[in-house]
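S.K.: I am attaching a structure below and will ask some questions about it afterwards.
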Amino acid sequence: MIGKSKWYLVFMILFWSCMDAYGYQLILNNNSPITTGSTVILNATVLDDYGLCAKGSLSFKYEDDAFPSHKLEIKNKSCEAIFHISFDTTIGPSNYRYKVDVAQELIPFIYHPITSGRGELIVTENLNGVLQLFQNNTNISKNSPQTIYASTNLETVHKIEINPADLDYLNKSANSISVYWFVDCIYQENTTSYTFSSNYTEPGIQHEILGIVVANIPSSIPTPTPTTTTTSTPVSNTTVSSINSTSTTLNTSIAASTSTSSTTEAPSKIDVTFSHHIINSTFSTECQQKKHVELLLSAVKLENQQKYGYFSRSLLTKDPIANVKTQGNVWIQEGEMLNLLVNCNGSGPFRYCAHYVKGPYNETGNESCTWDRNLVQCQMQFVHYFREPTNYTLILVVANDVSKVVTLIGINIYKVQKKPQISVIVVPVTFSSIAVIIVVFGIAYYFQNRSRYMVEVADFDFANNSDMEYKTFRERLRDAISQAINRTQDYSEYDGSEEQIGNLATPQNQKYGSMQ
């Protein structure tokens, strides 16, 4: 029976040894960097090939290269283990390497390694965190790791956000905390909170903001001697997705020793407060060459058992967009083109986009679009043709580094009713009236003067009463033609003899038609 158990155990060991140990993935996350005296929280999670949580009983072993070294082990049936590693002030600041080995239980008390991971813990002498800037309750430094743009017409709130591990350490260990604020190397005030407000009114000026946190630690907790060593920024662990925290701290460590305190004669300025700050200074080269230690010594009298944190940011002031003006006609006749010029004030560069919608539009404040162009000066021209005669709205979104303005411009396209020209009506009517008047006056003139043009003809042929007889039209026509022929013949019988009387010739006789 014992032999069968041995063979079974050997078979199981060989079976698990043949399995692919790289089929599991170990994900490590930690909350470093932390200051000395704080606690590192390390999260280890084991996943299989499908990204699912590993099953079975697991053993997590942690070990680092600190002196003295930390060695921890956690056994559970979950794929996740959380280690709490304390780095007191006796260990000192450094970058420590660590390793986590994970094994899976085959049979009771027998574990087979399935994966492992390595990483780095950053322990600093100074406090860790980041200086955030807010305007109008909006974090303007969230997406700007380097230079931050601040508006000149809004109050700027500076807020130091201490890393959670360091903040927890201060809440448990410090008996007092003060923050000293400098702008362009000029001392402004000290606060007991982590915020400071000011106004930057001049555009186009770069400012350097520095906040120094001074925490008094009770004497029972040892603190290191003064140093000006600068440590590096957080480094991601191997196969580790580190906690998303950015740190712009300048890890210059100052802890006042007895000799430092004796040589420092700068008076304490803890009680100096200001109600409102308008910054008109400029960041200069001389300010850039000053060390943060010198600024701290100029503002506060150092004492024993103090921990420090240095948090700085650079910002550039700019004027927001204002006074958006339009030039051009927004009442346009159908068939004509829109020609509109838009200007505004503010600090460049500018970017804008625009589109047209039919009918009225209500601004929502969430308008956004793909930026069409970048401008050095805020001057835009819009030329557009509208097909239908109706109302339109031009939605114009203009932005710079500190503001965004949405402008709605109403456009009205009206249709003109086509009317006939005056000449088409007036000219024919006028000339027709003139023609009628001429005809009327002509008829009236004719009837008034017709007696003047009438010739009375006397008929002395009293013997011929044939005209008195009734004749038809044909008979009268025939008689008229006959008379005309006879009269012609009478003229042709004239012989042309004439009597010369002086120089005038007179006819001998003149024949008339004989009366019969």
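S.K.: Can you tell me which residue within the stretch 316-352, out of those that are under 28 Å from Tyr385 (Cα atoms) and of a type in the set (Gly, Ala, Ser), is farthest from the chain's Cα centre (by Cα)?
M.R.: By that ranking, first place goes to Gly335.
S.K.: While we're here: Quick test of your reading of the structure: Thr147 fulfils all but one of (1) open to solvent by less than 20 Å² (accessible area, probe 1.4 Å); (2) touching a Leu at 6+ places or on another chain (Cβ under 8 Å). Name the failing condition by number.
M.R.: (1)
S.K.: Shifting gears a bit: Which count do you get for residues in the stretch 139-159 that are outside any loop (DSSP other than H, G, I, E, B) and of a type outside the set (Gly, Ala, Ser)?
M.R.: 8
S.K.: Is it fair to say Ser312 is surrounded by fewer than 18 Cβ atoms within 10 Å (Cβ to Cβ), at pLDDT 70 or above and within 29 Å of the chain's Cα centre (by Cα)?
M.R.: Judged against the criteria, Ser312 is a match.
S.K.: If you don't mind, another one. Cβ-Cβ under 8 Å, sequence separation 6+ or interchain: first residue in the stretch 435-464 and under 30 Å from Gln483 (Cα atoms), partner open to solvent by less than 100 Å² (accessible area, probe 1.4 Å) and modelled with pLDDT of 70 or more. Which pairs?
M.R.: No pair meets every condition.
S.K.: Does Gly348 satisfy the condition of being modelled with pLDDT under 95, under 18 Å from Leu408 (Cα atoms) and assigned to a loop (DSSP other than H, G, I, E, B)?
M.R.: Judged against the criteria, Gly348 is not a match.
S.K.: Does Ile395 qualify as being under 20 Å from Leu338 (Cα atoms) and touching a Pro at 6+ places or on another chain (Cβ under 6 Å)?
M.R.: It is false that Ile395 is under 20 Å from Leu338 (Cα atoms) and touching a Pro at 6+ places or on another chain (Cβ under 6 Å).
S.K.: Would it be correct to say that Leu167 is within 30 Å of Gly211 (Cβ to Cβ) and buried (at least 22 other Cβ atoms within 10 Å of the Cβ)?
M.R.: Considered against the rule, which asks whether it is within 30 Å of Gly211 (Cβ to Cβ) and buried (at least 22 other Cβ atoms within 10 Å of the Cβ), Leu167 comes out as no.
S.K.: Of the conditions (1) at pLDDT 90 or above; (2) within 25 Å of Ile148 (Cβ to Cβ); (3) open to solvent by less than 40 Å² (accessible area, probe 1.4 Å), Asp319 fails just one. Which one is it?
M.R.: (3)
S.K.: Moving on. Kindly indicate whether any position in the stretch 361-380 is more than 27 Å from Thr152 (Cα to Cα), assigned to a loop (DSSP other than H, G, I, E, B) and open to solvent by less than 70 Å² (accessible area, probe 1.4 Å).
M.R.: no
S.K.: Next question. Take the residues in the stretch 127-183 that are farther than 26 Å from Lys301 by Cα and hydrophobic (A, V, I, L, M, F, W, C), then tell me which one is farthest from the chain's Cα centre (by Cα).
M.R.: By that ranking, first place goes to Ala165.
S.K.: So, in the stretch 69-124, how many residues would count as being of a type outside the set (A, V, I, L, M), crowded, with 18+ Cβ neighbours inside 10 Å and within 48 Å of the chain's Cα centre (by Cα)?
M.R.: The number of residues fulfilling the criteria is 10.
S.K.: Let me ask you something else. Could you list, in sequence order, the residues of the stretch 37-68 that are in a loop (DSSP other than H, G, I, E, B), crowded, with 16+ Cβ neighbours inside 10 Å and either touching a Leu at 6+ places or on another chain (Cβ under 8 Å) or among the aromatic types (Phe, Trp, Tyr) (or both)?
M.R.: Result: Ala54, single match.
S.K.: Looking at the stretch 324-340, can you tell me whether even one residue there is in contact with a Ser or Thr (Cβ under 7 Å, 6 or more places away or on another chain) and either of a type in the set (A, V, I, L, M, F, W, C) or assigned to a strand (DSSP E or B) (or both)?
M.R.: Taking every residue of the stretch 324-340 in turn, at least one turns out to be in contact with a Ser or Thr (Cβ under 7 Å, 6 or more places away or on another chain) and either of a type in the set (A, V, I, L, M, F, W, C) or assigned to a strand (DSSP E or B) (or both).
S.K.: Among the candidates Ala44, Ala54, which residue alone is small (Gly, Ala, Ser), more than 28 Å from Tyr310 (Cα to Cα), touching a strand residue (DSSP E or B) at 6+ places or on another chain (Cβ under 8 Å) and at pLDDT 95 or above?
M.R.: Being small (Gly, Ala, Ser), more than 28 Å from Tyr310 (Cα to Cα), touching a strand residue (DSSP E or B) at 6+ places or on another chain (Cβ under 8 Å) and at pLDDT 95 or above holds for just one of Ala44, Ala54, which is Ala44.
The values are calculated or read from the model by the stated rules, or taken from the named source; none is laboratory data. This structure is a prediction, so every number in the text was calculated from the model and none was measured. Glycine gets a Cβ as well: all are built from the backbone with ideal geometry, and neighbour counts include every protein chain shown. Accessible surface is based on the protein model in full, side chains and every heavy atom, while ligands, DNA and RNA are left aside. Shrake-Rupley method; radii C 1.70, N 1.55, O 1.52, S 1.80 Å.
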